[in-house]
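Undergrad: If you scroll down you'll find the structure; I have some questions about it.
The values are calculated or read from the model by the stated rules, or taken from the named source; none is laboratory data. What you see is a predicted model; the values in this text were computed from it and never measured. Here Cβ is always computed from backbone atoms with ideal geometry, including for glycine, and neighbour counts include all displayed protein chains. For the accessible areas, the whole protein counts, side chains as well, though only heavy atoms, and no ligand, DNA or RNA atoms are used. Shrake-Rupley method; radii C 1.70, N 1.55, O 1.52, S 1.80 Å.
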Amino acid sequence: ASDPGSLTKPMGMDIDDEGNIYVMDATKKKVLIYDNEGKYIRSVGEQKYFNRPSSVAVNPDGSLIFAIDTGSSRGKPEDHRIQVFDGATGKFLRTIGSRGNTDGKFNLMRDADIGPDGLLYILDSGNFRVQVMDQNGKFIRKFGDVGRRTGQFARPKGIAVGPNGLVYVTDSSHANFQIFNPEGELMMFIGSRGKSKDRARYLLPSMIDVDEDGRVYVVDQGHRKVDIFRPVRIESNEGSLGIAFEALKKMIPEDKEEREAREAKEAIAAQKAKDAKMARLAREAKEAKEAEKAKAAEKNSNK
C-alpha cells in the first residue's frame, strides 16, 4: 500500500501554533497534516470538494482549515471558492464564495492567510485585489486594482500577514513584493527584475511568508531561491530562525578551511582589540602628562 503521508504535488502550506504542518496536495486534492517533527497525522478533504486546489490557511489553534480552490477560466463558477473544514474532525463545514467580481466573489484566487486580527486575507488574483473577510465568510473590505504602478497588481502570486498586521503580496509581473497596512495603504515595495540571483532581484517571485519575528521569506521560482529579509530591530542571531541557525552551526563540524578562516578572523579581531587598547592607554598617558604639565605651569604662575 502507498504511504498515506506521501506528497504528490504540494502547492501551499501553513502552520498552527502547535507547530503542526498543513500541506495542500493538488493531485491528491487533500490537505495532509503532519506534526512538528514531520510525522503524518491525517488528511482532510477529498476529490469531490476540489477542482484546482492551490493553497491552505489554518487558524492559530488549528480548529478551522481554509482550503483554497482556484478554479479555472473555463470551469464552473462555483469552483472559485474556499472550502472550510473542521480541523479536529476533518468534517466539511461550508463553502465561501463563487466566481465573480463583486464583494465576496472570487476569480482565480491563489492564496490566503489569517492575520493577527483573526480575519482572512484572500489574494483574489484574477480580480487583482485582496479581499478581507471574517472566518465565516462575511465581507469586510478590499484593496488593490490592476495596473503597473506601485500599489497595484499585475500578476499577484502569494500573500502573507505579519505579526504586526502588515500585508505582504508578491507579484511575478512586477518582480517584487509590496507591503500594505491592514487597511490596504501601500507602505513600501521591495525587489525588481534581474537576471542575476542577487538579493531582491527576481525572475518569478511566487509564495511569501512572514514568521513570528517579522522575518520575510520570498520564494523565487525563476531563480530557484529563497530570499530572507530581517527586520532592523533584531540581530541576525536573534529570533527563532537566528537561534536555530546558531544552534545548527554548533552541530555541524567545521572542515579545515572553515576552521582556519574562523581562526584567522578571530586573530584579526583580537589584534584589532589589542591595538585599540594600546592606543587608548597611550592616549590616556598623553592626557595625563599634559594635565601634569598644565598643573605645573599653573603652580609656577602663582609664585
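Undergrad: For residue 265, indicate whether it is in contact (Cβ under 8 Å) with a residue 12 or more places away in the chain and farther than 20 Å from residue 166 by Cβ.
TA: no
Undergrad: Do you know which of the residues in segment 223-251 that are aliphatic (A, V, I, L, M) and modelled with pLDDT of 85 or more is most open to solvent (accessible area, probe 1.4 Å)?
TA: Filtering first and then ranking leaves 232.
Undergrad: Quick one: which residue in 246, 260 is farther than 30 Å from residue 170 by Cβ and of a type in the set (D, E, K, R)?
TA: That would be 260, the only listed residue that is farther than 30 Å from residue 170 by Cβ and of a type in the set (D, E, K, R).
Undergrad: Here is a further query. For segment 65-75, does any single residue satisfy the condition of being within 17 Å of residue 16 (Cβ to Cβ), in contact (Cβ under 8 Å) with a residue 40 or more places away in the chain and touching a Phe, Trp or Tyr at 6+ places or on another chain (Cβ under 6 Å)?
TA: Among the residues of segment 65-75, at least one is within 17 Å of residue 16 (Cβ to Cβ), in contact (Cβ under 8 Å) with a residue 40 or more places away in the chain and touching a Phe, Trp or Tyr at 6+ places or on another chain (Cβ under 6 Å), which makes the answer yes.
Undergrad: Scan segment 50-62 residue by residue and report those that are assigned to a loop (DSSP other than H, G, I, E, B) and within 22 Å of the chain's Cα centre (by Cα).
TA: Those that are assigned to a loop (DSSP other than H, G, I, E, B) and within 22 Å of the chain's Cα centre (by Cα): 59, 60, 61, 62.
Undergrad: From (1) over 30 Å from residue 15 (Cβ atoms); (2) at pLDDT 90 or above, pick out the condition that doesn't hold for residue 297.
TA: Evaluating residue 297 over (1) over 30 Å from residue 15 (Cβ atoms); (2) at pLDDT 90 or above leaves (2) as the failure.
Undergrad: Out of 162, 184, 158, report the one residue that is in contact with a strand residue (DSSP E or B) (Cβ under 8 Å, 6 or more places away or on another chain) and more than 22 Å from residue 212 (Cβ to Cβ).
TA: Step by step, each of 162, 184, 158 is checked, and only 184 is in contact with a strand residue (DSSP E or B) (Cβ under 8 Å, 6 or more places away or on another chain) and more than 22 Å from residue 212 (Cβ to Cβ).
Undergrad: A follow-up question, please. Sort out for me the strands (runs of 3 or more DSSP E) sitting completely within segment 77-190 that have 2 or more residues that are of a type in the set (Asp, Glu).
TA: By residue number, 111-114.
Undergrad: Any residue at all in segment 142-153 that is polar (S, T, N, Q), open to solvent by 40 Å² or more (accessible area, probe 1.4 Å) and more than 27 Å from residue 216 (Cβ to Cβ)?
TA: No, segment 142-153 contains no residue that is polar (S, T, N, Q), open to solvent by 40 Å² or more (accessible area, probe 1.4 Å) and more than 27 Å from residue 216 (Cβ to Cβ).
Undergrad: Restricting the first residue to segment 14-32 and requiring it to be within 18 Å of residue 47 (Cβ to Cβ), which pairs with a second residue that is of a type in the set (Asp, Glu) and open to solvent by less than 50 Å² (accessible area, probe 1.4 Å) meet a Cβ separation below 8 Å and a spacing of at least six or different chains?
TA: Pairs that qualify, where the first residue is within 18 Å of residue 47 (Cβ to Cβ) and the partner is of a type in the set (Asp, Glu) and open to solvent by less than 50 Å² (accessible area, probe 1.4 Å), are 31/25; 32/25.
Undergrad: Can you tell me which residue within segment 85-94, out of those that are without any contact (Cβ under 8 Å) to a residue 24 or more places away in the chain and touching a Phe, Trp or Tyr at 6+ places or on another chain (Cβ under 9 Å), is surrounded by the fewest Cβ atoms within 10 Å (Cβ to Cβ)?
TA: The extreme case among them is 91.
Undergrad: Also, I was wondering about something else. Checking residue 106 against (1) over 21 Å from the mean Cα position of the chain (by Cα); (2) surrounded by 15 or more Cβ atoms within 10 Å (Cβ to Cβ); (3) of a type in the set (A, V, I, L, M, F, W, C); (4) under 30 Å from residue 41 (Cα atoms), which test does it fail?
TA: Result: residue 106 passes all but (4).
Undergrad: Just give me the residues in segment 21-49 being open to solvent by less than 10 Å² (accessible area, probe 1.4 Å), over 20 Å from the mean Cα position of the chain (by Cα) and under 14 Å from residue 84 (Cα atoms), in sequence order.
TA: 31, 44
Conditions tested, residue by residue: (1) open to solvent by less than 60 Å² (accessible area, probe 1.4 Å); (2) β-branched (Val, Ile, Thr).
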| position | (1), (2) |
| --- | --- |
| 256 | no, no |
| 260 | no, no |
| 268 | no, yes |
| 272 | no, no |
| 279 | yes, no |
| 283 | no, no |
| 289 | no, no |
| 293 | no, no |
| 300 | no, no |
